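The values are calculated or read from the model by the stated rules, or taken from the named source; none is laboratory data. No experiment lies behind these values; they were computed from the predicted model shown. Ligands, DNA and RNA are stripped out before the accessible areas are found, and what is left, the full protein with its side chains, is counted by its heavy atoms. Shrake-Rupley method; radii C 1.70, N 1.55, O 1.52, S 1.80 Å.
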Amino acid sequence: MKTLSNHLVYSNPQEYAAFPSVAIDSDGVLYCVFRLAPTRKSKTHIDTRSIAVLMRSEDEGESWEKVSEFRLGPYIGLQDPSLHILMNDTLILNCFGYAGRKLGNITKKAKGVKMLGPYILESKDKGKNWGEIVYIPDVYRELQMAVSEPVISYENILLMSAYTDTGGGGHCCFLLKEFEGGWFVLSRIAHDPTGNRDYQEPALLAYNNHLLCLMRVPTLEGDVIYQAHSWDGGQTWEPPRKTGIEGLPPNLLQLRDGRI
């Protein structure tokens with residue numbers, strides 16, 4: 001693939017912007033949501049003041065304007081926001097959070113932090129206003145979940161991949177399904193019961209009547225990408241296997257000509 005051009009979405013030297021997710025609506029408008037946190041003297045992956053910011057572009061990414069921003073709650077830092085747009089142009093945002101005690105100083109790291117997630121939000125007016133924050137609590141053996149990739153639409157239903165530390169058995173990836181306004185665990189995508197292999201940051205794609213999931217697996221030699229397939233709508237999954245791709249969390253996109 002060839003890069004045609006590069007465009008700046010957002011920049012502020014007083015803030016830390018990261019983890020962007022991009023989607024396009026039926027009118028060709030581009031949306032980008034990302035995590036925004038204050039710059040600190042001490043670097044930390046977790047920040048209980050982080051929020052989500054939504055930008056939009058009507059000229060194929062040449063210029064961007066801020067649409068809205070929001071937070072999960074007091075001292076609940078928003079992490080890894082991801083964006084999906086339905087056929088009726090409803091925006092669906094999913095993320096997870098870190099909750100901690102009140103920060104005594106902006107330069108101090110959060111203490112007593114607990115992971116919370118996932119969260120789901122919807123917007124019916126192109127991101128100007130967001131509906132109720134829906135929290136999906138402890139649906140997998142009372143373990144806290146994280147998400148890093150968008151919800152997907154598959155045969156008129158919504159699916160979302162997530163991952164969690166099983167508390168001694170390593171990280172596993174699993175599939176959530178929306179039903180009548182609620183979410184439940186449909187299946188386990190990948191898990192190593194010996195705890196020797198951690199499956200993290202799953203990315204989903206629906207194509208050719210089946211589901212593909214890519215996952216990051218950290219090893220002593222570096223991070224590698226594994227993949228798994230489901231041919232029954234996510235109810236069961238083939239055993240995960242190496243792709244031969246090295247790298248950090250994956251993202252999947254099918255092009256108009258069918259290539260992934």
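Report the gain in length on full extension from Lys124 to Arg188: 0.36 nm times residue separation, minus Cα-Cα distance, nm rounded to one decimal.
Stretched fully, the Lys124-Arg188 segment lengthens by 19.9 nm.
Gain in length, Met115 to His45, computed as 0.36 nm per residue apart minus the alpha-carbon separation, to one decimal in nm?
24.0 nm
Accessible area of Arg71, 1.4 Å probe, to the nearest 10 Å²?
Around 130 Å² of this residue is reachable by solvent.
Would you mind checking Lys66/Lys242; Lys128/Lys177; Lys126/Lys242; Lys41/Lys126; Lys114/Lys242 for any pair whose Cα atoms are more than 29 angstrom apart?
Violating the 29 Å Cα-Cα cut-off are Lys66/Lys242; Lys126/Lys242; Lys41/Lys126; Lys114/Lys242.
How big is the shadow of the Cα convex hull of the chain, averaged over all directions, in nm²?
About 15.1 nm², averaged over all directions.
Could you tell me the distance between the Cα centroids of region 1-40 and region 229-259, to the nearest Å?
Their Cα centres are 24 Å away from one another.
Kindly identify region 157-260 as rounded, prolate or oblate by the Cα gyration tensor criterion: order the square roots of the eigenvalues as a ≥ b ≥ c, call it rounded if a/c is under 1.5, otherwise compare a/b with b/c, prolate if a/b is larger, else oblate.
Oblate shape, in that a/c is at least 1.5 and b/c is the bigger or equal ratio.
Can you list, bin by bin at 5 Å, the percent of alpha carbon pairs in region 172-232, starting at 0?
For region 172-232, the pair-distance distribution reads 4, 16, 24, 23, 17, 9, 5, 1, 0.
How big is region 155-202 on each of its three principal axes, counting only the C-alpha atoms and giving the largest first in Å?
In descending order, the Cα extents are 36, 17, 14 Å.
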